[in-house]
1. Collect the residues in the stretch 97-119 that are of a type in the set (D, E) and crowded, with 16+ Cβ neighbours inside 10 Å, keeping them in residue-number order.
2. Among the residues of the stretch 15-51, what is the count of those that are touching a strand residue (DSSP E or B) at 6+ places or on another chain (Cβ under 6 Å) and under 23 Å from G229 (Cα atoms)?
3. Step by step: first the residues of the stretch 13-58, then only those that are over 14 Å from V251 (Cα atoms) and of a type in the set (S, T, N, Q), then the one that is surrounded by the fewest Cβ atoms within 10 Å (Cβ to Cβ). Which residue is that?
4. Kindly list, by first and then second residue, each pair from a residue in the stretch 101-128 that is among the β-branched types (V, I, T) to a residue that is outside any strand (DSSP E or B) and open to solvent by less than 40 Å² (accessible area, probe 1.4 Å), limited to pairs with Cβ atoms under 6 Å and residues at least 6 apart or on different chains.
5. Name the residue that is farthest from K158 (Cα to Cα), counting only residues in the stretch 213-227 that are among the hydrophobic types (A, V, I, L, M, F, W, C) and at pLDDT 85 or above.
6. Do we find a residue being of a type in the set (D, E) and under 19 Å from the mean Cα position of the chain (by Cα) anywhere in the stretch 6-27?
7. Would you pick out the residues in the stretch 231-259 that are out of contact with any Lys or Arg (no Cβ under 7 Å at 6 or more places or on another chain), under 13 Å from I204 (Cα atoms) and open to solvent by less than 50 Å² (accessible area, probe 1.4 Å)?
8. Filter the stretch 143-167 down to residues that are touching a helix residue (DSSP H, G or I) at 6+ places or on another chain (Cβ under 9 Å), over 16 Å from N179 (Cβ atoms) and either among the charged types (D, E, K, R) or free of Cβ contacts under 8 Å to residues at least 12 places away in the same chain (or both), then give me how many there are.
Amino acid sequence: MREFSHTTAKVAVWNLAGFNPISDEKFENQIEGLAILDAEIVTLVEVKPISYLQRLIDGLAAKGCDYRGIILQQSRDLNIGVIVKSGVEAETPQFIDGSDLGNPNRRKAFSVEMKVGKFDFLLIAVHLKSGRNRPQQLERNDQCKVIGDFITNYRVQKPRKPVLLMGDFNMIPGQDVSNFHFLGGDDIMDFLSSWDLQARFSHILEKGRANLLDGFAITRTFTREYIRGSLRLFPMHWTMEMGREKFREKVSDHLPFVASFKID
């Protein structure tokens, strides 16, 4: 295990908006954004094609940022991956069976056993069904039940091991109540993003509109490593000196979340 010179580590999550091909300009801007973010662990949603993860890693290496990737091929080439800095342990990457409801057009939730310093946890990354109407919400309910049951069973087997759940939930706090209920498992997860970021947005829409579709949650018990109040929406558009509309066009239509954890 690598001994880190610092006592905390940052864990981030970001949707790259890769459903459509990512231009060279967007790629260069995403490299710059990730370098500024400078997190030890970054979950990336909408990695397409799967080789794009390595392209990002190579681009970051050219800036002196040392990352490696963990990713599995989804049924369709719209993937969820994780990049980690040197010294972060990542083992047993696997999909959560049934979390795509048997539909190859959906993304399976992706889990990885991780350790940074002395902080040992399970990371679960998701990209749930999009859509604001009842049929999509019911489909998300079914996905959330599968993932929530997985979390409940995992906690039975490893009751003292924290779980970090993050990704593009496609759920809005206060609106998609049933989705959050099922995704939380047996009242296990604390949805930090729902409470700490109520007045914020992560998903940039057209004509100045925005909402909080992305999510970040941790287990309610035995997660003393989380530094309370550290979860924040990273203002990447501001750090890159862009307005929201320009950022949406030139980088991504999502902003990242980042949280800090004690690792000593």
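1. D100, E113
2. Of the residues in the stretch 15-51, 8 are touching a strand residue (DSSP E or B) at 6+ places or on another chain (Cβ under 6 Å) and under 23 Å from G229 (Cα atoms).
3. Result: S51.
4. Final answer for the pair search is V116/E40; V116/V88; V116/I263; I124/A109; V126/A109.
5. Step one: list which residues in the stretch 213-227 are among the hydrophobic types (A, V, I, L, M, F, W, C), which gives 213, 216-218, 222, 227.
Checking which are at pLDDT 85 or above leaves us with 213, 216-218, 227.
Values: L213: 29, F216: 21, A217: 18, I218: 15, I227: 22 Å.
For the stretch 213-227, the residue satisfying everything is L213.
6. Filtering the stretch 6-27 for residues of a type in the set (D, E) gives 24-25.
After this cut, where a residue has to be under 19 Å from the mean Cα position of the chain (by Cα) as well, the list is none.
Checked the stretch 6-27: no residue is of a type in the set (D, E) and under 19 Å from the mean Cα position of the chain (by Cα).
7. P235, M236, G243, F247, S252, D253, H254, L255, P256
8. So the count comes out to 1.
The values are calculated or read from the model by the stated rules, or taken from the named source; none is laboratory data. The shown structure was predicted, so the numbers you read here are calculated from the model rather than taken from an experiment. Here Cβ is always computed from backbone atoms with ideal geometry, including for glycine, and neighbour counts include all displayed protein chains. Areas reflect the complete protein model, heavy atoms only, side chains present, ligands, DNA and RNA absent. Shrake-Rupley method; radii C 1.70, N 1.55, O 1.52, S 1.80 Å.
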